[in-house]
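Since the structure comes first, as structure tokens, the remarks are kept for the end.
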Amino acid sequence: MDIKFELVPEDQRKPKPNDPLNLDFGSAFTDHMFSMKYSDDCWHSPLVGPYTPFSFDPATLCLHYGQGIFEGMKAYRRGDRVFLFRPEKNFERLNASADRMVMPQISVDFVLDSLKQLLRVESDWIPQEPGTSLYMRPTMIATEVRLGLRSSHEYIFFIILSPVGLYFKDFVPVGILVSDKYARSASGGVGFAKTMGNYAASLLPGKEAAELGFSQVMYLDSHERKFIEEAGTMNIFILFDDELVTPPLTDTILPGITRDSLIQLARDSGTTVNERSVSIDEVVEGIKSGKVLEVFGAGTAAIVAPIGTLFYKGESFTVADGEIGIITQRLFDELIGIQCGEKEDRHGWVVEIS
Ligand SMILES: *Cc1c(COP(=O)(O)O)cnc(C)c1O
């Protein structure tokens, strides 16, 4: 398929944000987007065109039944060099989400090439101050006009771009509410897929946590409310003495690319990493006894988010005096250094756009 280009005339392009570090996450968008359509069992009409609203019939399937999936990834710029981080993993995961939601597969190679073409057009939009990046949101939605419940026969896939600063303005430990009321996902469900409904379902727990002054919700397993799963939209890591632990990937956990990368980086530096079930009781006991040294979340938006306090069943538990842990800081510095092309990329994760 040949991509068509319809570019916005230079004099009609939007001004670039003048203070990218302080941008509100996902509030500014670039001049162009990539899109393609699916009908009659194939993808067609790939376009790099103006960033522009869609117009939908009110009976469009995704508006009713949430048949939609997305990805979140970042591009970094240093001078004229632009870097992506393991981008094929995002498109492979999009295909895994598509599979669960009965949506069509995309060609990873074609979409990655399309993304690179879009980024070449939009390279001036990629901020380069330390801490900034261009957030990219590939999305697929069901566009058939129909209220009868079945999977759509028509889809749009698009990628929009948004310059962003740091997700958490300061790299300081946050407080999280461990919910024994809500669950994020259930066994047999869609927790491993980046599908829209999961995020709608998390809004009420998030709102209740925010009202109590917490920035995230930590979810436990839906069956027993015993084992820790994820913190908001981040995977979770706990350092017990010299063992770094993260819950194993089951169908209730989103397989984070940051999670996978941090596991490898921690192992590279000689840390023992175990993917095993961890009960909230083990964490609370470990915090009390001093065995739990560090807790952090991991995801593309924040990369690494140090967690200072857990609030569980009416009690507050502060990890290591609420300081940023040594391993937390080291993994953050290492990963962000690799992502923006400043540190050696031993695993061949970084893709440079030329
Ligand atoms: C996207 C996401 C993550 C993090 O995945 P990354 O690939 O590291 O960005 C973790 N948990 C949930 C629920 C997510 O949606």
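Where a number appears in this text, it was derived from the coordinates with a stated rule and is not lab data. Here the structure is a predicted model, which means the values were calculated and not measured. Note that each Cβ is placed from the backbone with ideal geometry, even for glycine, and that neighbours are counted across all protein chains shown.
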Per DSSP, the loop-located trypsin sites (Lys or Arg not before Pro) within segment 208-272 having at most 14 other beta carbons within 10 Å are Lys226
For segment 1-146, the Cα convex hull volume per residue in Å³ comes to 134
Tell me what the chain gives for mean residue ellipticity at 222 nm when only DSSP H runs of n ≥ 4 count, each as -39,500 (n - 2.57), the sum divided by the residue total, rounded to 500 deg cm²/dmol.
-> -7000 deg cm²/dmol
Would you mind working out the magnitude of the charge dipole of segment 4-164 relative to its Cα centre, with +1 at each Lys and Arg C-beta and -1 at each Asp and Glu C-beta, to the nearest 20 Debye?
-> 360
Within segment 290-335, report the trypsin sites (Lys or Arg not before Pro) that DSSP leaves as loop and that have at most 14 other Cβ atoms within 10 Å.
-> Lys313
If each of Arg330 and Asp40 carries a label point 7 Å out from its Cα toward its Cβ, how far apart are those two points in nm?
-> 5.9
Where a Cα-Cα gap under 17 Å defines reach, which lysines qualify for Lys288, not counting those fewer than 8 residues away within the same chain?
-> Lys313
State, to one decimal in nm, how far the label point of Ala200 lies from the label point of Gln12, with both points 7 Å from Cα in the Cβ direction.
-> 3.4
Can you give the direction-averaged projected area of the convex hull of the alpha-carbon atoms in segment 115-199, in nm²?
-> 9.7
Expressed as a whole-number percentage, the relative contact order of the chain with C-alpha contacts under 8 angstrom and at least six residues apart is 18
In segment 297-331, which residues have a backbone nitrogen under 18 Å from the label point lying 7 Å from Arg346's Cα in the Cα-to-Cβ direction?
-> 327-331
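For segment 63-111, what's the relative contact order in percent, using C-alpha pairs closer than 8 Å and at least 6 residues apart? Don't skip to the answer; put the middle values down first.
Details: 35 pairs, mean separation 15.3, N = 49.
Relative contact order of segment 63-111: 31 percent.
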Stokes-Einstein, Kirkwood over Cα pairs, segment 1-72, 20 °C, 1.002 mPa s; D in µm²/s equals 140
Rounded to a whole number, what is D in µm²/s for the chain from Stokes-Einstein with the Kirkwood radius over alpha-carbon pairs (20 °C, 1.002 mPa s)?
-> 100
Between Arg225 and Ala186, the two model label points (7 Å from Cα along the beta-carbon direction) sit apart by a distance in nm of 1.5
